[in-house]
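Accompanying notes for the structure given below.
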Amino acid sequence: MRPDAEELIDAVLDESDCIDDLIDVIREQREAMRKRDTDSVNALMDEARDLSFEAQSQEKQRDDLARKFSAKYSCDTYASSLASVMADDEKEEFNRAVDKLTQSVFVLKSEMMILTGLIDQHEQYTSMLLSEWRRLNGDIVSQSGSADFRG
């Protein structure tokens, strides 16, 4: 296997692994939210942020290697184009790596949709509670600002 093809395959797999780690943290974070474990949620948010930056770095590295590979072998940076100039053994490993990365990205998007839905539900619930609190507060306090204790 050519070193540049192997380096590109490794970069694709590294990015996929990083995204898989991020998925695990997001799932742990969701479980910590369910358990109302604020300390864990905060720690996991920090970990997710760090992994997100790492994933972006991995993506940039993969993109740089794909650009170099495509320039060297006169092809586009699309996975199918990159694979078209690879030897059979390289192509097979590369396609497996690309499939793994594609699956990881799909799962991450799904997890993010779930998390976004939970945040939206929390926002609606908080809004309802604030609205009810304001309504009750308005019923208890009279126009003059003093409490009304009449039955």
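The values are calculated or read from the model by the stated rules, or taken from the named source; none is laboratory data. Just so it is clear, the model here is predicted, and its values are computed rather than measured. Every residue, glycine among them, receives a Cβ derived from its backbone with ideal geometry; neighbour counts consider all protein chains shown. Surface areas here come from the heavy atoms of the whole protein model, side chains and all, with no ligands, DNA or RNA. Shrake-Rupley method; radii C 1.70, N 1.55, O 1.52, S 1.80 Å.
Computed values, structure above
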{"read-out": "Under 17 Å from the Cα of Lys100 - lysines, other chains or at least 8 residues apart", "value": "Lys91, Lys109"}
{"read-out": "Derived scalar couplings ³J(HN,Hα) [the range 37-48; Karplus, 6.51 cos²θ - 1.76 cosθ + 1.60; whole Hz; x for Gly, Pro]", "value": "8, 4, 4, 5, 4, 5, 5, 5, 4, 4, 5, 5"}
{"read-out": "From phi via Karplus (6.51, -1.76, 1.60), per-residue ³J(HN,Hα) for the range 61-77 in Hz, x at Gly/Pro", "value": "4, 4, 5, 4, 5, 5, 5, 5, 4, 5, 5, 5, 10, 6, 9, 7, 8"}
{"read-out": "Dipole in debye (nearest 20) - the chain, about Cα centre, beta carbon charges: Lys, Arg +1; Asp, Glu -1", "value": "900 debye"}
{"read-out": "Normalised contact order of the chain, rounded percent, pairs of Cα under 8 Å and 6 or more residues apart", "value": "30 percent"}
{"read-out": "Probe 1.4 Å, accessible area per residue of the chain, Å²", "value": "70 Å²"}
{"read-out": "Percent accessible area from carbon and sulfur atoms, the chain, protein chains only, probe 1.4 Å", "value": "52 percent"}
{"read-out": "Where only alpha carbons of the chain are counted, the Rg and the Dmax (Å)", "value": "25.2, 87"}
{"read-out": "Rounded to the nearest 10 Å², the accessible area of Arg62 at probe 1.4 Å", "value": "60 Å²"}
{"read-out": "Acute angle (nearest 10 degrees) that the helix 3-34 long axis makes with the longest principal axis of the chain, alpha-carbon atoms", "value": "20 degrees"}
{"read-out": "Farthest positive-ward along the chain dipole, Cα basis, beta-carbon charges - from Thr116, Ser40, Asn95", "value": "Thr116"}
{"read-out": "Listed residues Asp39, Asp64, Asp24, most fluctuating in the chain (Gaussian network, C-alpha, under 10 Å)", "value": "Asp39"}
